[in-house]
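Take a look at the structure set out below.
Values quoted throughout were computed directly from the atomic coordinates according to the rules given, and no laboratory measurement underlies them. Quick caveat, the model's predicted, so the values are computed rather than measured.
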Amino acid sequence: MNSKQKNIVLIVGFITVLYICYILAVSKTLEQKELYNNLSKEVILSKNAPKQLSLLKQKEVYYDSLLTKYQLDGSSIQNNLLKVINSYAESNNLKVVSFLEPHVIAQNDLTIKTYDFTVEGNYNDIIKLIYQLEQQTKFGEIVNIHFEKKKNFRTGRYYLRARVLLKSFG
């Protein structure tokens with residue numbers, strides 16, 4: 001063999017030895033390094049677990065307080081809405097004339113319910129009811145209010161009737 005062939009064999013042998021070293025040592029070292037990184041991330045997460053648990057408990061207390069503040073207990077929104085309207089109507093000389101089933105629309109994984117109810121009474125009392133529904137109880141947003149002045153022909157007196165549409169997401 002001449003020196004050129006010896007150099008080629010030497011280079012091929014050197015590359016083969018490097019490849020065998022990579023397979024036997026370096027690749028396993030890299031796998032162990034990846035495993036070490038994953039386990040150290042899990043250790044960090046497990047150290048933060050009590051802190052995260054306390055934060056979750058605080059959030060639960062906060063959300064429970066919101067539910068009680070906005071008068072949303074375990075029953076449906078429709079029942080809660082009717083209960084709020086009736087209690088306000090009893091205390092403020094309003095009359096609930098009708099409360100229809102909600103109109104439900106489903107769009108892009110979002111359910112929109114529109115509640116339709118009618119009340120009779122004084123204009124200011126009706127406006128206060130609307131304010132309470134929209135701002136204090138957070139049932140949804142008032143989409144439409146239609147006021148009608150009607151006459152009771154038996155007594156000859158006029159009264160105000162309001163038909164309210166309330167839109168709720170959820």
For the chain, calculated [θ]222 nm from helices alone, where every DSSP H run of n ≥ 4 adds -39500 (n - 2.57): -17500 deg cm²/dmol
Coordinate range along principal axes, alpha carbons of segment 77-169, Å, largest first: 51, 23, 18
Taking the convex hull of Cα positions in the chain, its mean projected area over all directions (nm²): 20.1 nm²
Span from the segment 1-53 Cα centroid across to the segment 147-170 one, whole angstrom: 79 Å
Relative intensity, log₁₀ I(q)/I(0), of segment 1-69 from a Debye sum that treats every alpha carbon as a point, q = 0.20, 0.22 Å⁻¹: -0.88, -0.93
Tally of Lys pairs whose C-alpha atoms are under 21 Å apart, taken over segment 77-169, 8 or more apart or cross-chain: 16
